[in-house]
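A quick write-up on the structure given underneath.
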Number of protein chains: 2
Amino acid sequence: MKINVLRLDHRQKRDARITTHVCLTARAFGADGVILNGDEDTKLMENVKDVAKRWGGQFKVDYKKNYENLIDEWKNNGGEVVHLTMYGSQVHEVVSDIRKSPKDKLVVVGGSRVPTKVYKEADWNVSVTSQPHSEVSSLAVFLHMLFEGKELDKEFEGGKMKVIPTAEGKRVIINDNEEEKIE
Amino acid sequence: MKINVLRLDHRQKRDARITTHVCLTARAFGADGVILNGDEDTKLMENVKDVAKRWGGQFKVDYKKNYENLIDEWKNNGGEVVHLTMYGSQVHEVVSDIRKSPKDKLVVVGGSRVPTKVYKEADWNVSVTSQPHSEVSSLAVFLHMLFEGKELDKEFEGGKMKVIPTAEGKRVIINDNEEEKIE
């Protein structure tokens, strides 16, 4: 099952850091790529691509001006749409159905205002708690539950940087041949 | 077990939205309160308190100029410290030990640069993936794993607003007596 994340209505000035966190969260928690909608923010996209290159894996970063065409195309190609919203069905009620369906998933995150069309087009509107918090945390916990924690062991091949988990300090392998204790 | 979140080194100009998301994530995923360190950002604190009041529960928002004193005091009062860092022990390896210890927990999130002292003072340095992403997603997934998903059913008493999860559209109860379908 391929998982892409669609970030609706990015505003370059206001959202740069949050959208960057959405992109990096998508990558770290096992999505295959992110598609940005709203302002075309080439600097942000280059930053995320640069992280993805240095830290490995095959994460893709794209831009689509028209999200409606993208959703239609995704569904016409046999994919399904999951829209994360605090108003949706509870994640723990629906995540196993979402996982059972082997079709590719487009996971949609807002956006200050999400058009009604997105609620209607989505195969699932899903809430990760029904409280106001963050599209970053919704996406992280949704992917964590979808992958049942397996994303925590995901290997990111081909990166220049790799952390060796350690109880204290920082251990990073650079270039796969030189290990250094930074701190 | 009481859970407080300490947000290190908040910078008012640069971090306002990310820190707001950290605070709201702490609340939505079941922490008892957040303590901000760095710039004293009264506007941000009022915003978070306002959300907490409208949406219910007992979430507390505080500020501490000196995080070192806070950590010392927390430990002297019998509490433990969990520092979330991409360099730490893997969350799925240590979370059950953290859960088993009934002592109150201070969950520390950076901060652009976290002083070595925090790594040393922490009872656990914990990584939620060893990839670069977001303190917001680390905090959300850590709390979700600590509470074993029970936070998803947490009730927030006394709020003015309450969402009724629904497969399509938005249903919100306002004032506990008037239900309206917004969209």
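Rule-based calculations on the coordinates, nothing more; no lab input. Bear in mind the structure is a predicted one, so any value in this text is a computation, not a measurement. All Cβ positions, even for glycine, are placed from backbone atoms using ideal geometry, and neighbour counts span all protein chains on display.
Return the long-range amide H neighbours of B:Asn125 (sequence gap of 5 or more, or a different chain), with a cut-off of under 5 Å between placed amide H atoms.
Close amide H contacts, sequence-distant or interchain: B:His83, B:Ser89.
Explain nothing, just compute: Karplus ³J(HN,Hα) = 6.51 cos²θ - 1.76 cosθ + 1.60, θ = phi - 60°, for every residue of the range A:62-76 in order, whole Hz, x for Gly and Pro.
10, 10, 9, 5, 10, 6, 5, 4, 4, 5, 4, 4, 4, 6, 4
Expressed as a fraction of 2.2 N^0.38 Å, the rule-of-thumb size for a compact globular protein of N residues, what is the C-alpha radius of gyration of the range B:3-86?
1.06
Among DSSP beta bridges lying fully in the protein assembly as shown, give the percent that are antiparallel, nearest 5.
25
Which whole-Hz ³J(HN,Hα) couplings does the range B:161-171 yield from phi under the Karplus relation 6.51 cos²θ - 1.76 cosθ + 1.60, θ = phi - 60°, glycine and proline marked x?
Each residue's phi maps through the Karplus curve to give 10, 8, 8, 9, x, 8, 5, 8, x, 9, 10 Hz.
From the cross-link list B:Lys120/B:Lys154; A:Lys2/A:Lys117; B:Lys105/B:Lys154, which pairs have alpha carbons spaced over 29 Å apart?
Check vs 29 Å cut-off fails for B:Lys120/B:Lys154.
Would you mind giving the three semi-axes, in whole Å and largest first, of the ellipsoid equivalent to chain B according to its Cα gyration tensor?
Its equivalent ellipsoid spans semi-axes of 29, 19, 16 Å.
Tell me which residues come under 5 Å, amide H to amide H, from B:Val172 once H is placed; ignore anything under 5 positions away on its chain.
For B:Val172, the qualifying residues are B:Ile164, B:Glu180, B:Ile182.
Can you work out the base-10 log of I(q)/I(0) for the protein assembly as shown at q = 0.06, 0.09, 0.13 1/Å, using the Debye formula on its C-alpha atoms alone?
The calculated log intensity ratios at q = 0.06, 0.09, 0.13 Å⁻¹ are -0.21, -0.48, -1.06.
Residues of the range A:10-49 with backbone nitrogen within less than 11 Å of a virtual label 7 Å along the Cα-to-Cβ line of A:Ser112, please, listed as ranges.
Inside the label zone: A:10-15.
Suppose R0 equals 22 Å; then what is the FRET efficiency for A:Glu157 and A:Lys2 from their Cβ-Cβ distance, rounded to the nearest 0.05?
Efficiency, rounded to the nearest 0.05: 0.80.
Rg and Dmax in Å for the range A:10-56, alpha carbons only: what are they?
Expressed in Å, the Cα Rg and Dmax of the range A:10-56 come to 10.2, 29.
What list of ³J(HN,Hα) values in whole Hz, one per residue of the range B:143-158 in order, does the Karplus curve 6.51 cos²θ - 1.76 cosθ + 1.60 (θ = phi - 60°) give from phi, with Gly and Pro shown as x?
For the range B:143-158, the Karplus-derived couplings read 5, 4, 6, 4, 8, 6, x, 5, 5, 5, 9, 4, 9, 10, 6, x Hz, x marking Gly and Pro.
Residues with amide H under 5 Å of B:His10's amide H, sequence separation 5 or more or different chain, H placed in the peptide plane at 1.01 Å from N; which?
Sorted by chain and number, the residues that satisfy this are B:Asn37, B:Gly38, B:Asp39.
Given Cα pairs under 8 Å that are at least 6 residues apart, what percent is the relative contact order of chain A?
Computed value for chain A: 25 percent relative contact order.
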